[in-house]
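What follows draws every value from the coordinates through simple rules; no lab data is involved. These numbers come from a predicted model, not from an experiment. Here Cβ is always computed from backbone atoms with ideal geometry, including for glycine, and neighbour counts include all displayed protein chains.
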């Protein structure tokens, strides 16, 4: 009967029932061989132990909140499918609830748990039996092992439609958006690690919105994932043995027509996969948290370079170092920054730390406290990329910014419309009235240079004056400027 009705019996109970005949056969054989030994009590004890161990395992493998199998059970099941059944195809979909934290913030965690149970219950109804798993806090996995592609698409489409409708728990009512990542066995490699990396990357891409509601991890995406993993490994190797190059872009001072400042830029020009550009490796470093240690290494290299220029008799105003939002997750960030500068013996005033408004928006209290502490030591603080969508002039009232760097989009807008030109000029005037110096970046043409000078900016950065250059080229550039100034005097 157990075998006949095994599809209707829960997997754990089926395992228990299947074990009993084996145990009975074993006991009978021993009893026949050694008739003087009575095994009735031992058999009963073993039976009870089997039941206990299976029930205990059930608790370990199930999510206590939703009573569905947990992530580890999913990993075990997928590992079994991949290793023991290489011919078996399966599809895994992970449904990620967007901004679910807001529900907990509004109605409390207890009610938030009720929403999770309701959503999980719906997925169990529409998904396959025993195929719904709690993947993470606000993510559920659906494992399809025998359904057709059409049935799977129909299931995911139904989920999408249901999510357009509100969910209710007592007096609370919310509509939740979801992002779904999907992988198929035939396209996700032959290892469990590859499958999990693929599904997590698919969910990540689905959250960007570039692929719509559902993101299928296809061959192109797998190639992107492989390259991303290569970039991650390169960054990890750089942390062990820093060999990346530092480049510097000079910043022109309108007041005296000289270059006293520069922005530091990291370059990965020589890697096993060829040059990797900042637009690619910086987002990866931020997403993985590797940017934290990389920034400390950059700061150390900048300090050493400032010392090198000083030894050559080159006067440097300050070199800019960019900090990302992730950096402010470090509890002892300020102390680490101070320690690096002190260890190199570099004057504090030679370092300027820049961050964007988005960074401030993510960590307002931490960023503000950090800025004031740096200011006490004479380390300058700069607001980067003002005008990129997060712009709010009230931001500058709360932070001791020494400079504000206007994003190139404002320069382009000022060139296209007269009204934008007046707005940018008035904005620059407002910043300067607050005691801040204004930098225009992204200046590439003579026309753009004249425009920003007409707006009374203090400094200009862009390809018009110089592209980023290596340490040696930057040193030669500054030496030439110094020698030219000496000859002129």
Is segment 381-476 best put as rounded, prolate or oblate by its Cα gyration tensor, with a ≥ b ≥ c the root eigenvalues, rounded for a/c under 1.5, and otherwise prolate when a/b is larger than b/c, oblate when not?
oblate
Compute the Rg to Rh ratio over segment 128-287 from the alpha carbon atoms, using the Kirkwood formula for Rh, and round to two decimal places.
1.14
At q = 0.16, 0.28, 0.30 Å⁻¹, what base-10 log of I(q)/I(0) does the Debye formula yield for segment 430-476 when every alpha carbon is treated as an equal point scatterer in vacuo?
-0.53, -0.96, -1.02
Along each of its three principal axes, how wide is the spread of alpha-carbon positions in segment 71-217, in whole angstrom units, largest first?
49, 30, 25
Counting other beta carbons within 10 Å of each residue's own, what order do 80, 265, 309 fall into, fewest first?
80, 265, 309
Taking the square root of 5 times each eigenvalue of the Cα gyration tensor, what semi-axes in Å does the equivalent ellipsoid of segment 242-488 have, largest first?
26, 23, 19
Neighbour-count ranking for 333, 406, 434, 192 (other C-beta within 10 angstrom, fewest to most) reads 434, 192, 333, 406
Label segment 312-445 by shape, choosing from rounded, prolate and oblate, from the square roots a ≥ b ≥ c of the eigenvalues of the Cα gyration tensor; if a/c is under 1.5 it is rounded, and otherwise prolate applies when a/b is larger than b/c, oblate when it is not.
prolate
Please list log₁₀ I(q)/I(0) at q = 0.20 Å⁻¹ for segment 265-372, using the Debye equation with identical point scatterers on the alpha-carbon positions.
-1.13
Among 298, 234, which comes first, second and so on when ranked by fewest other beta-carbon atoms within 10 Å?
234, 298
